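K.L.:
Below you will find the structure I want to go over with you.
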């Protein structure tokens, strides 16, 4: 396989105020899946993560514990690394902002920017949020509180150094306009441009004097470098950047980064502050910053103050590493927040991991042992149904590639599981148990089991980036090695005549929800549990004016199916309309919808939706519409597309 070049990617560095919860952990698992897949494709990957260890909040936290800030961050950094390792993440570099080489380079960078005239001394007076370590003006507050976290702010005034942000604003705006891929998803780019860059940037405070836990400004030691100039530069200092020009070979090789993977709450710092710092240092900008959504506990963002925090190690104790990896990767949409609860975990494990995947592997290995003593051989007795299976299996890598290229990791996993679902369907189509009854059909049975084994082998190879230990277990049961990336689009890699394991392992056992919830409450009394039988708050409802009754025959005239939006554009002559190309089974229909206020064209692509298929075609604003997308609208005028609860096949009938 040809070397595809280098791929440098980073996560945000975890703030060491406390143990990272599952929402924080999602990011490192997401990054790991991307890094593993890029390596499989042939890229020379350098994957960096780490911890952010300075600031007033940490100093105050340590004081409340009666220990030094260094002792506190050493403890939390150890916890972060333990959880990252527990989750089987394959990072290459782990940076701590208390590392001596990082601190030295931050001082050099500060001095270089000061000598250049980009940093100057002044004084700051404003409203300060300690948890966010941010200054705000009165007009920026929301209900008198921090606009980022909603907590109290306090008046603060102190001498500080400032960075001239406005000097580079026009250059950054031009870069964003010329590189539409720079900020993803597109909704984040629009937010940065419209809310921050276009209205004009204020100069940025880059030092503090009201606390000591930070990197001292070496030429003015009563100041410490303020959090973002310290934290953001980790992406270059850890790989050997030197502000005096003596940068390492690792830096020369890897910078600029191909990808910064961060949470949507810190997108501003990474797409405005960071690129401007780099411009001032005369360094190229990273190629892409992806602001992923949040993983919510129930219906809210996880917060220790809210008491709704779940931790990765607690979930792993009940479900195992790969089940947790699968859930957080599969359940997180591309640009909308995902939800995690114990109920949802159990449901997904039972339906996807135990049934679709685990049962498939177990049935296939067991049948090979039962009918052929474990030997898998291709007798060459094929039928038409085989070709469709082979087409699904061999096309999977291109589909996964396309999803991963767009960082749609949840969709990539769905493509892998579509392969496994097709294998399950193939079992039902070929009925191996019936073929086994007649010796004359044993050659056909052998080919069926070979095709299943090959399909699972390719699926397991693709699965390894997301569930590495599970993939290894599957391949071991099949006595197969990983399929080389270049061979994933060909069928027949599995060596005929090999023998599968005699004792197939149950990959994922089905779980009983009530038993799981009972054990959770016994083991972790403070952990939030949302069970179906728990009393819930009364939800707001709305009534609508009833329409004339219809008969069953009237209803049966309407044809509803699941469609997938493959293209979408705004209708030029309208401010309300979007024109979507919707795949429904083997056909594509053009549907015009008045939902432009609620969705951008970019957000629409890839969504599975519910479609009224046989609506009489009509022209809207001069554009032909061949159906209708079903939506719901509440009393406030908020509108949402209706989507199938489960990942159904495109074209599935809604009845």
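The values are calculated or read from the model by the stated rules, or taken from the named source; none is laboratory data. Computed from a predicted model, the values in this text were never measured in an experiment. Methodologically, a virtual Cβ is constructed for each residue, glycine included, from the backbone with ideal geometry; neighbour enumeration extends over all protein chains shown.
K.L.:
Of these, 559, 581, which one is closer than 30 Å to residue 598 by Cα, out of contact with any strand residue (DSSP E or B) (no Cβ under 6 Å at 6 or more places or on another chain) and modelled with pLDDT of 85 or more?
P.N.:
Exactly one residue qualifies, and that residue is 559.
K.L.:
Ok, one more. Output the residues belonging to region 78-90 that are surrounded by fewer than 21 Cβ atoms within 10 Å (Cβ to Cβ) and touching a strand residue (DSSP E or B) at 6+ places or on another chain (Cβ under 8 Å).
P.N.:
Scanning region 78-90 gives 81, 90.
K.L.:
Output the residues belonging to region 491-500 that are surrounded by 15 or more Cβ atoms within 10 Å (Cβ to Cβ) and in contact with a helix residue (DSSP H, G or I) (Cβ under 7 Å, 6 or more places away or on another chain).
P.N.:
491, 493, 494, 496, 500
K.L.:
Now for a different question. Determine if region 511-524 includes at least one residue that is touching a strand residue (DSSP E or B) at 6+ places or on another chain (Cβ under 7 Å), surrounded by 15 or more Cβ atoms within 10 Å (Cβ to Cβ) and either modelled with pLDDT of 75 or more or under 30 Å from residue 448 (Cβ atoms) (or both).
P.N.:
no
K.L.:
Another question, then. Anything in region 422-438 that is over 17 Å from residue 386 (Cβ atoms) and in a helix (DSSP H, G or I)? List them, or say none.
P.N.:
Correct list: 433 only.
K.L.:
Residue by residue through region 237-275, note down the ones that are assigned to a helix (DSSP H, G or I) and touching a strand residue (DSSP E or B) at 6+ places or on another chain (Cβ under 7 Å).
P.N.:
253, 254, 264, 267, 270, 271, 273 - these are the residues of region 237-275 that are assigned to a helix (DSSP H, G or I) and touching a strand residue (DSSP E or B) at 6+ places or on another chain (Cβ under 7 Å).
K.L.:
Which residue pairs have Cβ atoms under 8 Å apart, sit 6 or more places apart or on different chains, and have a first residue in region 543-572 that is in the same structural domain as residue 586 (by TED's automatic domain parsing) and surrounded by 10 or more Cβ atoms within 10 Å (Cβ to Cβ) and a second that is in a helix (DSSP H, G or I) and at pLDDT 75 or above?
P.N.:
Within 8 Å, the pairs are 565/604; 568/601; 568/602; 568/604; 569/601; 570/601.
K.L.:
For residues that are in a loop (DSSP other than H, G, I, E, B) and at pLDDT 90 or above, scanning just region 597-630, find the one that is nearest to residue 561 (Cα to Cα).
P.N.:
Among those that are in a loop (DSSP other than H, G, I, E, B) and at pLDDT 90 or above, it is 613.
K.L.:
Can you pull out the residues in region 1-39 that are at pLDDT below 95 and within 13 Å of the chain's Cα centre (by Cα)?
P.N.:
22, 23, 24
K.L.:
Within region 51-66, track down each residue that is surrounded by 14 or more Cβ atoms within 10 Å (Cβ to Cβ) and either part of a strand (DSSP E or B) or without any contact (Cβ under 8 Å) to a residue 24 or more places away in the chain (or both).
P.N.:
Across region 51-66, the qualifying residues are 51, 52.
K.L.:
From 181, 191, grab the single residue that is touching a helix residue (DSSP H, G or I) at 6+ places or on another chain (Cβ under 8 Å) and over 25 Å from residue 57 (Cβ atoms).
P.N.:
Exactly one of 181, 191 is touching a helix residue (DSSP H, G or I) at 6+ places or on another chain (Cβ under 8 Å) and over 25 Å from residue 57 (Cβ atoms), namely 191.
K.L.:
Next up: Identify all residues within region 20-50 that are assigned to a loop (DSSP other than H, G, I, E, B) and either buried (at least 19 other Cβ atoms within 10 Å of the Cβ) or at positive phi (or both); write none if there are none.
P.N.:
Those that are assigned to a loop (DSSP other than H, G, I, E, B) and either buried (at least 19 other Cβ atoms within 10 Å of the Cβ) or at positive phi (or both): 20, 21, 42.
K.L.:
While we're looking at this one, here's another question. Looking at 402, 410 in this structure, which one is in the same structural domain as residue 492 (by TED's automatic domain parsing), farther than 17 Å from residue 507 by Cα and surrounded by fewer than 17 Cβ atoms within 10 Å (Cβ to Cβ)?
P.N.:
402 is the lone residue from the list that is in the same structural domain as residue 492 (by TED's automatic domain parsing), farther than 17 Å from residue 507 by Cα and surrounded by fewer than 17 Cβ atoms within 10 Å (Cβ to Cβ).
K.L.:
Looking at 329, 283, 344, 353, can you tell me which residue is within 21 Å of the chain's Cα centre (by Cα) and either modelled with pLDDT under 95 or not in a helix (DSSP H, G or I) (or both)?
P.N.:
Every option except 344 fails the conditions.
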